């Protein structure tokens, strides 16, 4: 049986902004299996950070439910048990007048049972983190590295990274990916990271959730997602336009382009049986899948708004 | 030395890319029976990919009898001599049929004649045999060029 590091059910968070309501998270169903590297992908203000803050007990759900290792992070004493098992790198790294060295010492004293000095040293060396510069003088990338060093050395059961690549140069980013794979996945530990940088996440994640306007558009094992999507370019007469497998259709001068979102082989076979010619059949990268899903979801939203107008 | 490469944007699942490259290395003689493979975690860290993905590729290869894992002792290329003759011909055909079908579909979409397709397959088999011959006459056991 799969156990889940994080699970949400119809989770919602609404902020009041004057007399306007903002639905930051809007009926979210998320399933993060324990032991996975889970990438939560979404555009700016898709609701990623709000979701993470609710997992950390830093924000209270308006409705619905969120569980971390089966516990509710919004109420004591469960929250304490949850927080003891999470390493967290927040998106806004406001760390005032400390130095990275002092921040590491502080975190070390919070997690005496799991903290590893060896691992802290390794991260500092690999990411080339200056230890004795005050945070107000550190670059964005070095602030990110300090937070990462603390969270990785803590060796938590669940590592939550909110936009962990902010300000990192390509070398530091590559080292980070290696550290995450090498030192943060053993013994069934889970990494949950949010990002809109897709390429690097596509490499290390095995589970993906694509989020848009507070909801999940798509979730599952990355390999399954990859094999369900396909771009077909087809010529022929009387091509089908309604089929659950079709995500979108584009008419080109001499051909029709389908973006398929499920069982592409069966769909292609049907076309061929009905006399159509498949000119091209290409797998899609995660980036292309993400763009198509967000565009399609925006288009259907726009349709709905027009109906009301 | 086995050097694996991953293209994340190719759309081909990463575990399949790994399986194909290891099979290719064995077929061309770059890896030989009894050669050790790097550990799952080492491979994952070197390639910056998910350890579960590497484990999945290794499990599939092991199920096919291409590699074998010694508990606590690492992973090795299995002896092909013991594998291939041991399989029933029906099983060998079952494994290769999907690839043959796909090849036939692609070729007919490109309107390539059966003769040309046969020639292409013969050439590929020849290349593989040639590469295996050069490597087995190579005196160095690692056969690294």
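Every number here is computed from the coordinates shown, using simple stated rules; none is lab data. What you see is a predicted model; the values in this text were computed from it and never measured. Here Cβ is always computed from backbone atoms with ideal geometry, including for glycine, and neighbour counts include all displayed protein chains.
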>> Taking only the Cα atoms of region A:180-227, how large is their convex hull per residue, in Å³?
In response: 93 Å³
> When you count, for each residue, the other Cβ atoms within 10 Å and take the mean per peptide, how do A:41-47, A:140-146 rank with the highest first?
Replying inline: A:140-146, A:41-47
> Semi-axes of the protein assembly as shown's equivalent ellipsoid from the Cα gyration tensor, sqrt of 5 times each eigenvalue, largest first, rounded to whole Å?
Replying inline: 43, 33, 18
> In what sequence do A:125, A:102 fall when counting other Cβ within 10 Å, fewest first?
Replying inline: A:125, A:102
> Which value in Å does the Kirkwood hydrodynamic radius of region A:66-204 take, with 1/r averaged over all unlike C-alpha pairs and then inverted?
Replying inline: 15.4 Å
> Per residue, what volume in Å³ does the convex hull of the Cα atoms of region A:159-309 enclose?
Replying inline: 162 Å³
> Principal axis lengths of region B:25-124 from Cα atoms, whole Å, largest first?
Replying inline: 51, 34, 22
>> Compute a Gaussian network model of chain A, connecting alpha carbons closer than 10 Å, and tell me which residue from A:123, A:273, A:181 fluctuates the most.
In response: A:273
>> Please compute the alpha carbon radius of gyration of region A:1-73, then divide it by the globular-protein estimate 2.2 N^0.38 Å. Two decimals is fine.
In response: 1.12
>> Inside 10 Å of the C-beta atoms of A:179-187, what's the mean count of C-beta atoms belonging to other chains?
In response: 4
> So what is the orientation-averaged projected area of region A:250-309, using the convex hull of its C-alpha atoms, in nm²?
Replying inline: 5.7 nm²
>> As a footprinting exposure proxy, order B:118, A:196 by other Cβ within 10 Å, with the fewest listed first.
In response: B:118, A:196
>> I need two numbers for region A:49-90: Rg to one decimal and Dmax as a whole number, Cα atoms only, in Å.
In response: 9.4, 26
>> Counting C-alpha atoms alone, how compact is region B:1-60: give Rg to one decimal and Dmax as a whole number, in angstrom.
In response: 11.1, 33
>> I need A:101, B:97, B:48 ordered by Cβ neighbour count within 10 Å, fewest first.
In response: B:97, A:101, B:48
>> So if I take the centroid of the Cα atoms in region A:16-30 and the same for region A:109-164, what is the distance between those two points in Å?
In response: 32 Å
> When the convex hull of the Cα atoms of region A:1-155 is projected onto a plane and the area is averaged over all directions, what value comes out in nm²?
Replying inline: 11.1 nm²
>> For region A:105-157, I need the span (max minus min coordinate) of the C-alpha atoms along each principal axis, in Å, sorted largest to smallest.
In response: 32, 20, 18
